[in-house]
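Peer 1: Please see the structure below; I have some questions.
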Amino acid sequence: MKFGIQLSSIAPYIQTEEGLRESLKKLTAQGYETVQLQGLPYTIPDETLASALEEAGLEAIGLQEDYPFNETPQRILDRALACGCKYVTFVLYPSQVQDIYHLEHIARDLEKLCNLAQEKGLIASFHPLSWDYKPLDGIPRYERLLAMLPKETQLTWCVYYSINAGVPAEKLAKDFAGKMDLVHFKDRRRMSGSREYLTPLGEGETDWGPIAAACRKAGTKYIFTEQERWTRDPFECVGASLRYLQGLGI
């Protein structure tokens with residue numbers, strides 16, 4: 001497995017070309033070599049983004065976007081290809097599916113993206129959020145959606161959301177063995193009531209050893225650190241997360 005960072009972790013710092021180039025170099029200085037693209041405005045030209053990645057010595061392995069998309073599927077895939085990505089991941093945000101008819105409508109839209117991605121040699125993947133694990137007529141929403149999409153569609157597992165939903169890591173590792181190339185590690189610490197704050201990996205409540213073992217069992221290829229809110233310098237936080245991952249011995 002290789003380690004990288006989900007760029008949503010530093011989204012406020014990559015909204016301009018100057019901020020992007022400076023931030024990517026900071027990630028390299030922290031030891032990162034691989035990123036997943038998210039949170040980048042399309043006002044930054046693709047060639048500029050690709051140049052900034054190359055300048056920093058970073059490989060963009062994938063691109064993630066929220067559905068409903070602000071850009072056309074073709075535009076999203078053009079950016080992924082321009083940056084040398086192998087994966088394109090989609091998230092149903094802020095869509096909370098209420099019935100099967102709504103889910104079928106979404107699936108028809110996403111099927112276009114999946115088929116187009118496959119034509120261009122990219123692997124499409126769905127990233128469930130907490131509510132996607134909830135049952136819809138007895139079957140979890142994420143299982144229903146994936147059953148409506150091309151069989152090659154993978155699952156991008158964000159551990160944070162599956163823990164929120166109470167889904168065991170062993171279940172996902174078994175169900176998606178060979179189809180869960182990308183995994184997000186995000187840690188937290190809860191306070192009183194429902195309040196919580198995000199922490200670097202190893203500083204929160206999550207026991208990452210068994211989860212890393214589940215990733216290995218599932219054939220995961222990339223683990224991305226993720227932390228969108230911080231209580232100290234964000235680049236220090238993402239650096240601490242990478243050092244923790246390296247210390248796990250995986």
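Taken together, the values in this text are just the output of simple stated rules run on the coordinates, not laboratory data. Just so it is clear, the structure is predicted and the values come from calculations on it, not from any experiment. Glycine also receives a Cβ, built like all others from the backbone with ideal geometry; neighbour counts cover every protein chain displayed.
Peer 1: Suppose R0 equals 35 Å; then what is the FRET efficiency for GLU59 and LYS134 from their Cβ-Cβ distance, rounded to the nearest 0.05?
Peer 2: Numbers: r = 35 Å, r/R0 = 1.00.
For R0 = 35 Å, the calculated efficiency reads 0.50.
Peer 1: Using r as the Cβ-Cβ distance of GLN74 and GLU205, and R0 as 30 Å, what FRET efficiency do you calculate, to the nearest 0.05? All intermediate terms of the calculation are to be shown ahead of the outcome.
Peer 2: Values: r = 42 Å, r/R0 = 1.38.
Efficiency for this residue pair is about 0.10.
Peer 1: Considering only Cα-Cα distances, which of the following residue pairs are longer than 23 Å: LYS112/LYS134; LYS151/LYS186; LYS134/LYS174; LYS26/LYS186?
Peer 2: Values: LYS112/LYS134 25 Å; LYS151/LYS186 28 Å; LYS134/LYS174 19 Å; LYS26/LYS186 20 Å.
Long pairs (Cα-Cα over 23 Å): LYS112/LYS134; LYS151/LYS186.
Peer 1: For the stretch 1-60, report the translational diffusion coefficient in µm²/s to the nearest whole number, using Stokes-Einstein at 10 °C, 1.306 mPa s, and a Kirkwood Rh over Cα pairs.
Peer 2: Numbers: Rh = 11.2 Å.
Estimated diffusion coefficient is 141 µm²/s.
Peer 1: Taking only the alpha carbons of the stretch 107-250, what extent do you get along each of the three principal axes, in Å, biggest first?
Peer 2: Result, largest extent first: 42, 34, 27 Å.
Peer 1: Work out Dmax and Rg for the stretch 2-247 from the C-alpha atoms and quote the Rg first, both in angstrom.
Peer 2: That works out to 17.4, 50 Å for Rg and Dmax.
Peer 1: Could you point to the residue in ALA177, TYR222, PRO210 farthest towards the positive end of the stretch 2-247's charge dipole, with +1 and -1 charges on the Cβ of Lys/Arg and Asp/Glu respectively?
Peer 2: PRO210
Peer 1: Counting DSSP beta bridges in the chain, what percent are antiparallel, to the nearest 5?
Peer 2: On the way: 6 of 34 bridges.
Antiparallel bridges: around 20 percent, rounded to the nearest 5.
Peer 1: Okay, next question. Testing the spin-label approximation: label points 7 Å from Cα along Cα→Cβ at TYR93 and LYS221. State their distance in nm.
Peer 2: About 2.3 nm, to one decimal.
Peer 1: Which residues' amide hydrogens lie under 5 Å from the amide hydrogen of GLN154, considering only partners 5 or more residues apart or on another chain, with H built in the peptide plane?
Peer 2: Under 5 Å from the amide H of GLN154 lie the amide H atoms of ALA124, SER125, PHE126, each far enough along the sequence or on another chain.
Peer 1: Shifting gears a bit: Going through the stretch 33-131, which chymotrypsin sites (Phe, Trp or Tyr not before Pro) have at most 15 other Cβ atoms within 10 Å and a DSSP loop state? Walk me through the numbers before you get to the answer.
Peer 2: Numbers: sites: TYR42, PHE69, TYR87, PHE90, TYR101, PHE126, TRP131; in loops: TYR42, PHE69.
Listed in order of number, the matching sites are TYR42, PHE69.
Peer 1: Still on this structure: With a/c under 1.5 counting as rounded, go ahead and sort the stretch 1-109 into rounded, prolate or oblate using the C-alpha gyration tensor (a ≥ b ≥ c being the square roots of the eigenvalues; past the cut-off, prolate if a/b is larger than b/c, else oblate).
Peer 2: Working: a/c = 2.19, a/b = 1.97, b/c = 1.11.
Note, shape of the stretch 1-109 comes out prolate.
Peer 1: On to the next question. Taking the highest mean first, how do the peptides 186-197, 4-15 order by number of other beta carbon atoms within 10 angstrom per residue?
Peer 2: Top of the packing list down: 4-15, 186-197.
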